1. For residue 75, what is the net charge nearby, where nearby means another residue's Cβ is under 11 Å from its Cβ and Lys, Arg count +1, Asp, Glu -1?
2. Just want the ordering: 90, 85, from fewest to most Cβ atoms lying within 10 Å of their own Cβ.
3. Hey, what do the phi angles of segment 104-113 turn into as Karplus ³J(HN,Hα) couplings, whole Hz, using 6.51/-1.76/1.60 and θ = phi - 60°, x for Gly and Pro?
4. Give me the one-decimal nm value for the distance between modelled label points at residue 87 and residue 65, 7 Å along each residue's Cα-to-Cβ direction.
5. Given H placed on each backbone N at 1.01 Å, which residues far from residue 101 in sequence or on other chains put an amide H within less than 5 Å of it?
6. Less than 12 Å Cβ to Cβ from residue 52, Lys/Arg counted +1 and Asp/Glu -1: what total charge do the surrounding residues give?
7. Using amide H atoms built in the peptide plane, which far-off residues or other-chain residues are under 5 Å from residue 35 H to H?
8. Per residue Cα convex hull volume for segment 33-118, in cubic angstrom?
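Readers should treat all values here as calculations from the given coordinates under stated rules, not as data from a laboratory. All values derive from a computational prediction rather than experimental measurement. Glycine gets a Cβ as well: all are built from the backbone with ideal geometry, and neighbour counts include every protein chain shown.
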Amino acid sequence: MKFKKGDIIIAVILIAAVGFWLYNSYVSNNTAVSNLVIEVDGNTYKKIPTRELKKEQLVHIDFENNKHIDIIANENGAWIKDVVCPDKLCQKTGVINKVGQNIVCLPNRVVIYFEGDEEPLVDNVAY
Ligand SMILES: [Zn+2]
């Protein structure tokens, strides 16, 4: 089998592009997200390092008047499994898994979001 010079150049460019893309996604996957943060009433209720999300975590928080919220977090992200909440907007938000996304439950004053490392995610996207 014989390749033309042009074919080899194209192959090299393709391999380099794929390598660059893999490197970029590796870097952004590993530096962008560091903790899952759950805030209640403006105070940090719980911080879970993302490496601990390899094992699924269930966070159950009880509020006054028999209200509660159940938050599930694993490698795929975090979401509201069950909540006593009049609008259920928090549950409808679905899964979050990136810095900058959040789940807000206004009636229960709960905010859930992913915290990044010192470098914001925007820096990784810019290159
Ligand atoms: Zn809610």
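1. Details: positive: 51, 54, 55; negative: 52, 56.
Counting the neighbours of residue 75, the net charge comes to +1.
2. On the way: 90 23, 85 19.
Final ranking by Cβ density, sparse to dense: 85, 90.
3. With coefficients 6.51, -1.76 and 1.60, one gets 10, 10, 4, x, 9, 6, 10, 10, 10, 7 Hz.
4. 1.5 nm
5. So residue 101 has HN proximity to 114.
6. On the way: positive: 46, 47, 51, 54, 55; negative: 56, 75.
Summing Lys/Arg as +1 and Asp/Glu as -1 gives +3.
7. Here 50, 115 satisfy the definition.
8. Normalising the Cα hull of segment 33-118 by residue number yields 82 Å³.
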